[in-house]
1. Give, as residue ranges, the helices (runs of 4 or more DSSP H) completely inside the range 100-212 that count at least 3 residues that are of a type in the set (A, V, I, L, M, F, W, C).
2. Do we find a residue being aliphatic (A, V, I, L, M), open to solvent by less than 10 Å² (accessible area, probe 1.4 Å) and farther than 19 Å from His295 by Cβ anywhere in the range 224-235?
3. For the range 102-157, give me each residue that is among the small types (Gly, Ala, Ser) and open to solvent by less than 40 Å² (accessible area, probe 1.4 Å).
4. Are any of the residues in the range 181-188 surrounded by 16 or more Cβ atoms within 10 Å (Cβ to Cβ), of a type in the set (Lys, Arg) and under 30 Å from Ser262 (Cβ atoms)?
5. Run Val242 past the list (1) touching a residue at least 60 places away in the same chain (Cβ under 8 Å); (2) within 26 Å of Pro60 (Cα to Cα) and report the number of the one that doesn't hold.
6. Return a yes/no flag: does the range 214-223 have any residue that is surrounded by 24 or more Cβ atoms within 10 Å (Cβ to Cβ), of a type in the set (D, E, K, R) and assigned to a strand (DSSP E or B).
7. Quick one: Ala205 ticks every box in (1) modelled with pLDDT of 95 or more; (2) more than 12 Å from Val271 (Cα to Cα); (3) open to solvent by 10 Å² or more (accessible area, probe 1.4 Å) bar one, so which box is it?
Amino acid sequence: MFWSLKGGRRRRIAAASTATAAGVAITLVGMATFATHAAAASSLGAAAAQSGRYFGTAVPAGKLGTSAYTAILDREFNMITPENEMKWDTTEPSRGNFNFGPGDQIVSHAQSHGQRMRGHTLVWHNQLPSWVSNLSASDLQSAMDNHITTEMNHYKGKIYAWDVVNEAFADGGSGQQRSSPFHDKLGNGFIEHAFRTARAADSSAKLCYNDYNIENWSDAKTQGVYNMVKDFKSRGVPIDCVGFQSHFGTGGPPSSFQTTLSNFAALGVDVQITELDIAQAGSTQYANTVNACVHVSRCTGITVWGIRDSDSWRSGDNPLLFDSNGNPKSAYTAVLNALNAATGTATGGTTDGGTTNGGTTNGGTTDGGTTNGGTTNGGTTDGGTGGGACTATYTTVNSWSGGFQGEVKVTAGSSAINGWTVTWTQSSGQSITQVWNGTLASTGSSTVKVSNVSYNGSVQPSASTTFGFLANGSPSTPTLTCTSP
């Protein structure tokens, strides 16, 4: 988040995304009709958990003593992001002197109420104590490393995902990193260094990049972040997720929002809506935003930035799901209905310590034979030859009128493989429109061939990797052939 009201000083407030192209309701709300669950969940968190996702909110420690506030928090939300309590000016106000008390208060509440935590944020150019900006380049590098390591070690095992670096790209048309103490003294490489330092500090927590105004696919800022993530994945830099803040105007999300989420997910990262609020809280606009997420299997969760309008940094816009008296709005019902209608899986959603997200593993489906929204998953497999055999198993993740989403799991045999190719024949009327975590090369009008990309070709014995795709037509169970060079 890019605001704070601390000690009587108001920090910078960036502009929210503006109204979107006409027709977004058709694009997102009407895009697909999912099968409804037998029994709809009655809270946001429970409804999201049915498809393996979370629904969270931002929380200030100072409101945890307000019973009217915590009643909604603990009833509706299963993920918490601290508003300011884990930022640098709170956690390390002077060099080497750490204060985790406010953050600990929020973590304690979450643990006692079965809620998970997103850590926010480790490296950000705002809400920095003055001593950080005054350091030389070498001292700044050392201070950044120590800050990341100390804070992550303090909360190790208690954080689902960290916003490692926040808002590092410039607004406008450059698509480049913004000027900041970190960029100006350490160069473009400070983001990569921060992620590598974070992985060394905690091997389990998901590591995210978080930013605002990156929801519209054609924007230069979006493309700048996308190219960074693509580069990171190609070189093995440890990045697990990208957060889209999603501070929208009255028009709601841009018409390309789902495309943006899908394209980032295709790089092999989870995507998350991290700070959602929409001016005047239109029901259609909120439903469009949620549907954009639930139609992307790797969109693992949504967080709104506050509970009641009176809690919002944009209180004059009345942008949240509950009014200032704590009453749910029509937008709340629209979001709840959209979450209850979602039957897709959200991958990468396990909690710290190996427990499952919302009681399901990979959305509750098992490769090789369970049903998902009325479509039979599974698939036949064949072993490859040379370099270690591999097998491939198909699962229908989502389906709707005129299209479906599939996922293929590639598993190495008793020997490691270094590269793989999966081939199958499409049924009549099917055509693939998008592939992620794989390279598509169709060898004929009906034959599909997908090979590994640079970061997922090497698979250890009995280990697995996955790729996914979107396709036109009706889903079916293909016969898959997996080969390894």
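The values are calculated or read from the model by the stated rules, or taken from the named source; none is laboratory data. Bear in mind that the values here come from a model prediction, so they are computed numbers and not experimental data. A quick note on method: Cβ atoms are made from the backbone with ideal geometry, for glycine too, and the neighbour counts reach across all protein chains shown. The area values use the complete protein model at the heavy-atom level, side chains included, leaving out ligands, DNA and RNA. Shrake-Rupley method; radii C 1.70, N 1.55, O 1.52, S 1.80 Å.
1. Fully inside the range 100-212 and qualifying: 101-112, 137-154, 190-201.
2. Yes, some residue in the range 224-235 is aliphatic (A, V, I, L, M), open to solvent by less than 10 Å² (accessible area, probe 1.4 Å) and farther than 19 Å from His295 by Cβ.
3. Passing the criteria: Gly103, Ala110, Gly119, Ala143.
4. no
5. (1)
6. no
7. So the condition that Ala205 fails would be (3).
Listed here are the residues, each with its yes/no results for (1) more than 13 Å from Met117 (Cα to Cα); (2) of a type in the set (Phe, Trp, Tyr).
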| site | (1), (2) |
| --- | --- |
| Ser42 | yes, no |
| Ala46 | yes, no |
| Val59 | no, no |
| Gly65 | yes, no |
| Tyr69 | yes, yes |
| Asn78 | no, no |
| Asn99 | yes, no |
